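Structure record follows, encoded as structure tokens.
The values are calculated or read from the model by the stated rules, or taken from the named source; none is laboratory data. Because the structure is a prediction, the values reported are computed rather than measured. Here the Cβ is made from the backbone with ideal geometry for all residues, glycine too, and neighbour counts use every protein chain on show.
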Amino acid sequence: MDKAVHQKLCVANIMNGVVEGLSKFSHPSRVALIFAAGPDDPVMVLDPQDLLQGHGVKIRTMFYSDDTQWRDQVLARIENQPRGCLIQENDLALSGLISYGSSSSDFFYQAWFTEHHPDLCSVHPTERWLEQAATLLIHDYNTDYVPINSSEYVLKNYALQAIADHIVDERNRHLGYDSKIRVTSILNNILDISKTKEEGTWPRGVLFFCDPRQIAKIEFITRIQEHERPRVSNVKHIRKLLVAVENSDRKLVSDGLAIIGITAEPVPEYAIAAHFNGDYGFLFIEDAKTASFFDGSFHSTTREARMPELEELLLDTDLDTVTATILFQVISHLVHSAGRARHGCTLVIDLNDPPMRLSGHVLDPPLSLMEPQNINLACSLLKIDGAVHLTPDSSIHGFGCLLDGRTIKWENMARGARYNSALRFSAANSRIIVVVVSADRPVSIIFNGIEISAFSNWRPMSQHTPEPLALDKYLDGVQL
């Protein structure tokens, strides 16, 4: 194979692996790469899904304000560095993007970019993913006849290792490099436990893993005799033990190999804590959510709808900023409540003055959600068939409301009656925003008969190998 063709395939295959891997770990994700293989090579851009659209000015400033100075600075950082040593470069800080840049004596410069989804538990596993892509690109690009599809496969299935890499980095940074626990094995055990039912129920409760040296500082409610301590790999046994800590402040304690005992103490610093919440759970380190887990895999999502489209829509109305912000917070609370309770609901946000009169149970006087004691009642009203009628002053005017309207040609029969009724009603009535929450947690924002939350810039990558463009040609065609 021609060397230039080989190098082009290396870049394309690694990008495809990152796109597919991050799209499974998070939501559909676009990826872009800016690179220069050698110190005298032109800067190239590979952006097959237009991720960098709108960032042209900042990119031009970074690379063209003083091209010689930029290259000299990179050369100074990699000078006398051994082969394979990756030097992390400064973040370009492009709004709405996660990035990782590096330089090396083997590959002069590369900067990887992907989308910063609004519901990420943490950006760090994604950063480690991009770092791994940079490492594999250096290896494949400079090695003849390497099986380049192997790197693509690694990046498609990198979720667990990306989380492990982040946890190891954090623990090494704060606890030193002599940790005794094997993070990757622990993460696999957590997934296995999360998939194991006990008497037909999913696991609940907290299990944390800490170094043996930290265990001596923990005050236990009770310990298990050393010769009888169950191995963490004995998943069914651990699942049974979780019954002892579910729905309480108690926690199972492990040294990474076996269960030591039960405590009510706070989780030690930089211990790995798994919070099992039934058929899903969250992974924590130092009280920070790192990832969620469900369906036998790790994911980046917080499992709570962030609804940036609704927030922007409310801020674009004639409501003042304070009113729009409070209304958005109230709606978010109601939507999250419905999502956690696993029931669908419909919210009609009525911007008309005076508000419409909907067919349903009309409240007199309206129920103000500015009163904290009314929030729980509002969450209960969401469970009743029909829509909840909400106005900009964060008051409920009715519940169990029926939404009607004429048939429209862009209905989606796969989405059910709640969704299509909202489409029809919104299309027939102006100044109405409808929020539809499905029982399986997807949230739809509908305005003027159109689902705004359905729009996405993501599109599948072409089956043809994408061609990198020289930076100047790319910037000439990109929207600045």
Review point. Is at least one residue of region 280-288 hydrophobic (A, V, I, L, M, F, W, C), in contact with a strand residue (DSSP E or B) (Cβ under 7 Å, 6 or more places away or on another chain) and within 16 Å of Pro203 (Cα to Cα)?
Key: yes
Point to revise | Filtered residue count, region 438-467, keeping only those that are more than 21 Å from Thr407 (Cβ to Cβ) and at pLDDT 90 or above | key: 1
Check your understanding: Pick from Pro118, Pro147: which is surrounded by fewer than 23 Cβ atoms within 10 Å (Cβ to Cβ), in contact with a Lys or Arg (Cβ under 7 Å, 6 or more places away or on another chain) and modelled with pLDDT under 95?
Key -> Pro118
Check your understanding: Wholly within region 113-232, which helices (runs of 4 or more DSSP H) include no fewer than the required count, namely at least 1 residues that are over 24 Å from the mean Cα position of the chain (by Cα) and at negative phi?
Key -> 124-141, 149-156, 159-175, 212-215
Point to revise | Every residue from region 374-400 that is polar (S, T, N, Q) and either under 13 Å from Met356 (Cα atoms) or not assigned by TED's automatic domain parsing to the domain that holds Val322 (or both) | key: Thr391
Check your understanding: When you scan region 258-272, how many residues do you find that are among the hydrophobic types (A, V, I, L, M, F, W, C) and surrounded by fewer than 18 Cβ atoms within 10 Å (Cβ to Cβ)?
Key -> 2
Practice item. Go through region 238-257 and give me each residue that's of a type outside the set (D, E, K, R), modelled with pLDDT of 95 or more and surrounded by 15 or more Cβ atoms within 10 Å (Cβ to Cβ). Key: Ile238, Leu241, Leu242, Val245, Leu252, Val253, Ser254
Review point. For region 349-453, which strands (runs of 3 or more DSSP E) that fit wholly inside it have 1 or more residues that are surrounded by fewer than 15 Cβ atoms within 10 Å (Cβ to Cβ), among the small types (Gly, Ala, Ser) and over 31 Å from the mean Cα position of the chain (by Cα)?
Key: 359-368
